[in-house]
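Student: What follows is a single structure, and I will ask about it in a moment.
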Amino acid sequence: MNCFIPWLNRYLSPGDVTPEEADRLLTAAGFPIEDETALDSGAVVLDVEITSNRGDCLSHLGLAREVAAGSGRRLVAPEWADPPRTAGPIAKALTLRNETPEVCPRFTAQVLKGVKVGPSPAWLVELLEAIGQRPINNVVDVTNFLTFELGHPCHVFDLDKLAGQSLIIRWAHKGEKLRTLDGKDRTLLPTELVVADAERAQSLAGVIGGAESEVDDSTTGVVLEMATWDPVTIRNAARRMAIRTDAAHRFERTVDPREIDFAARRAAALLVELTGGELCEGMLSEGQEPAPRTVVELRTSRAREIIGTEIPDAEQADLLSRIEIGVETPSPGRLRCEIPPFRHDLSREIDLIEEVARLKGFDAIPILDRMPIVARHPQESERAVTAIGTILSGLGFYETVTISFVSKQAAGPF
């Protein structure tokens, strides 16, 4: 993940993080820096290594959250004024049908009319070029900006190029053809997900758009897609076709459907601002009912026991709240933690204990010369298993050790 320091500072107060401080804070938080590049302007881009379970940090806002937690700064989320919706009811401009909610938990569509496609403003060009993105036009650039600002990939269609003025999320037909934005003709499998119009596939869902509905200089009507997809479905399609896109990279690591509305509103506001278009009234949305937030209970004494150092209850609560975990104290020694939607990696007590240790700083954990381990006799159940094995082998039986990661076919003879 390329992190442009001036872009990172947009979401921090005070926004004065230096490259050296960002390097130190992110490395301490578990995100080592692979490379550092100084641009001609003097600004610096950090190449941050992100583990596969932390898709929330594949964005400048996500990295800013980690920097804020480690430095005591305040995280500043993007703010904007929602534009008026004056282009008529969206139902008269577009229809939406999601036939696969099991692999498309949430799909939203908004329509803009009177759009003027042209070059992006200097500030947007600067941010995208700094992280190695090629500016295309003010519509497409907004989608790329959202990918790296919030970690929410989105896509745009030319409204007038959609047959039947409709979008359908479905499985591809066997042998169905799709020319993608890279100019290649693809032959699809029935296990691959597409966004189609009334006649044909228009994009390979979550991976790459289609050339036939591409936004160009003649476009005046835009459909803004903001959605999320099943990670395995996206990964399988991207790998089979050898397509690596920033969108697929994020969807493979899970984009939560409960955050779609915020990102969709942000994208729509930017498109109105930069293109002069008008939004249709309403937003089309189809998919599953949103899941309730995950709640995990943490025993503060257990955290101290596992980490091996004294961290008071109040400090544990403060550390977790820095990364937007909702913390309550229902009883002494217990923290009720409500996990934010973007943290899919936190589902157990031990996950929260790891977060407490990470945010406290691993260098604060004492290193002992000797490990205080007391050797004990095996448990009765283990002793019984050993005794039974000894008796059976003495009677002439053979013991077979089965390997759990072989196929059923290979394991069958045993």
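Student: Can you confirm whether R265 is outside the structural domain of V140 (by TED's automatic domain parsing) and touching an Asp or Glu at 6+ places or on another chain (Cβ under 8 Å)?
Tutor: No.
Student: Moving on to the next point. Quick check: is even one residue across the stretch 311-334 under 30 Å from V255 (Cα atoms) and touching a Gly at 6+ places or on another chain (Cβ under 8 Å)?
Tutor: Checked against the condition, which is being under 30 Å from V255 (Cα atoms) and touching a Gly at 6+ places or on another chain (Cβ under 8 Å), the stretch 311-334 yields no hits at all.
Student: Go through the residues of the stretch 173-188 one by one and say whether even a single one is within 28 Å of P341 (Cα to Cα) and outside any loop (DSSP other than H, G, I, E, B).
Tutor: no
Student: A further question on this structure: Look through the stretch 237-247, keep the residues that are touching a residue at least 12 places away in the same chain (Cβ under 8 Å) and of a type in the set (A, V, I, L, M), and return whichever of them is surrounded by the fewest Cβ atoms within 10 Å (Cβ to Cβ).
Tutor: Residue satisfying both the conditions and the ranking: I243.
Student: Just the residues that are within 12 Å of E355 (Cα to Cα) and either at pLDDT below 95 or of a type outside the set (D, E) (or both), please, taken from the stretch 307-332.
Tutor: I307, Q316, A317, L319, L320, S321, R322, I323, I325
Student: Does any residue in the stretch 201-222 that is assigned to a helix (DSSP H, G or I) come within less than 8 Å, Cβ to Cβ, of a residue that is of a type in the set (A, V, I, L, M, F, W, C) six or more places away or on a different chain, and which pairs are these?
Tutor: Listed by first residue and then by second, the contacts come to A211/L181; S213/F157; S213/L162.
Student: Another question, if that's okay. Could you say which residue among E278, E273, E212 is modelled with pLDDT of 95 or more and within 28 Å of L75 (Cα to Cα)?
Tutor: E273
Student: Sticking with this structure for a sec: Filter the stretch 341-361 down to the residues that are more than 19 Å from A314 (Cβ to Cβ), touching a residue at least 12 places away in the same chain (Cβ under 8 Å) and out of contact with any Gly (no Cβ under 8 Å at 6 or more places or on another chain) and list them by number.
Tutor: P341, R343, D345, L346, S347, R348, I350, D351
Student: Checking A109 against (1) in the same structural domain as V215 (by TED's automatic domain parsing); (2) out of contact with any strand residue (DSSP E or B) (no Cβ under 9 Å at 6 or more places or on another chain), only one condition comes out false. Which one?
Tutor: Condition (2) is where A109 drops out.
Student: Next up: Restricting to the stretch 221-236, and then to whatever is over 24 Å from V115 (Cα atoms) and touching a strand residue (DSSP E or B) at 6+ places or on another chain (Cβ under 6 Å), can you tell me which residue is surrounded by the most Cβ atoms within 10 Å (Cβ to Cβ)?
Tutor: T228
Student: Next up: Of all residues in the stretch 204-213, which are surrounded by fewer than 24 Cβ atoms within 10 Å (Cβ to Cβ) and either within 20 Å of F251 (Cβ to Cβ) or not assigned by TED's automatic domain parsing to the domain that holds L167 (or both)?
Tutor: I208, G210
Student: Separate question: Quick one: is R186 buried (at least 20 other Cβ atoms within 10 Å of the Cβ), of a type in the set (K, R) and more than 25 Å from G114 (Cβ to Cβ)? Full working, then the answer.
Tutor: On the way: buried (at least 20 other Cβ atoms within 10 Å of the Cβ): yes; of a type in the set (K, R): yes; more than 25 Å from G114 (Cβ to Cβ): yes.
Yes, satisfied.
Student: Could you check, for the stretch 39-56, whether at least one of its residues is closer than 18 Å to E324 by Cα, in contact with a strand residue (DSSP E or B) (Cβ under 7 Å, 6 or more places away or on another chain) and not in a loop (DSSP other than H, G, I, E, B)?
Tutor: Looking through the stretch 39-56, none of the residues is closer than 18 Å to E324 by Cα, in contact with a strand residue (DSSP E or B) (Cβ under 7 Å, 6 or more places away or on another chain) and not in a loop (DSSP other than H, G, I, E, B).
Condition check ((1) assigned to a strand (DSSP E or B); (2) touching a strand residue (DSSP E or B) at 6+ places or on another chain (Cβ under 6 Å); (3) surrounded by 18 or more Cβ atoms within 10 Å (Cβ to Cβ); (4) among the aliphatic types (A, V, I, L, M)) across all residues:
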site	(1), (2), (3), (4)
T37	yes, yes, no, no
G62	no, no, yes, no
E66	no, no, yes, no
A69	no, no, yes, yes
A81	no, no, no, yes
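Student: I want to confirm something. Restricting to the stretch 98-111 and keeping residues that are more than 17 Å from L146 (Cα to Cα) and not polar (S, T, N, Q), which single residue is surrounded by the fewest Cβ atoms within 10 Å (Cβ to Cβ)? Break it down stepwise before answering.
Tutor: The initial filter retains those residues of the stretch 98-111 that are more than 17 Å from L146 (Cα to Cα), namely 98-106, 111.
From what's left, not polar (S, T, N, Q): 99, 101-106, 111.
Working: E99: 13, P101: 14, E102: 10, V103: 17, C104: 24, P105: 22, R106: 24, V111: 29.
The qualifying residue surrounded by the fewest Cβ atoms within 10 Å (Cβ to Cβ) is E102.
Student: Ok, one more. Are any residues in the stretch 224-246 farther than 15 Å from V103 by Cβ and either of a type outside the set (G, A, S) or not assigned by TED's automatic domain parsing to the domain that holds L270 (or both), and if so, which ones? Steps first, please.
Tutor: Residues of the stretch 224-246 that are farther than 15 Å from V103 by Cβ, as a first pass: 224-226, 239-246.
Once the filter is applied, which keeps residues that are farther than 15 Å from V103 by Cβ and either of a type outside the set (G, A, S) or not assigned by TED's automatic domain parsing to the domain that holds L270 (or both), the stretch 224-246 yields L224, E225, M226, R239, R240, M241, I243, R244, T245, D246.
Student: Here's something else I'd like to know. Among the candidates E66, E36, E49, single out the residue that is out of contact with any Pro (no Cβ under 8 Å at 6 or more places or on another chain), modelled with pLDDT of 95 or more and of a type in the set (D, E, K, R).
Tutor: E66
Student: Going by the conditions given, is G30 under 30 Å from T275 (Cβ atoms), part of a loop (DSSP other than H, G, I, E, B) and touching a residue at least 12 places away in the same chain (Cβ under 8 Å)?
Tutor: Judged against the criteria, G30 is not a match.
Student: Considering the stretch 49-60 alone, what residues qualify as being of a type in the set (A, V, I, L, M, F, W, C) and crowded, with 24+ Cβ neighbours inside 10 Å?
Tutor: C57, the sole residue that qualifies.
The values are calculated or read from the model by the stated rules, or taken from the named source; none is laboratory data. Bear in mind that the values here come from a model prediction, so they are computed numbers and not experimental data. Glycine gets a Cβ as well: all are built from the backbone with ideal geometry, and neighbour counts include every protein chain shown.
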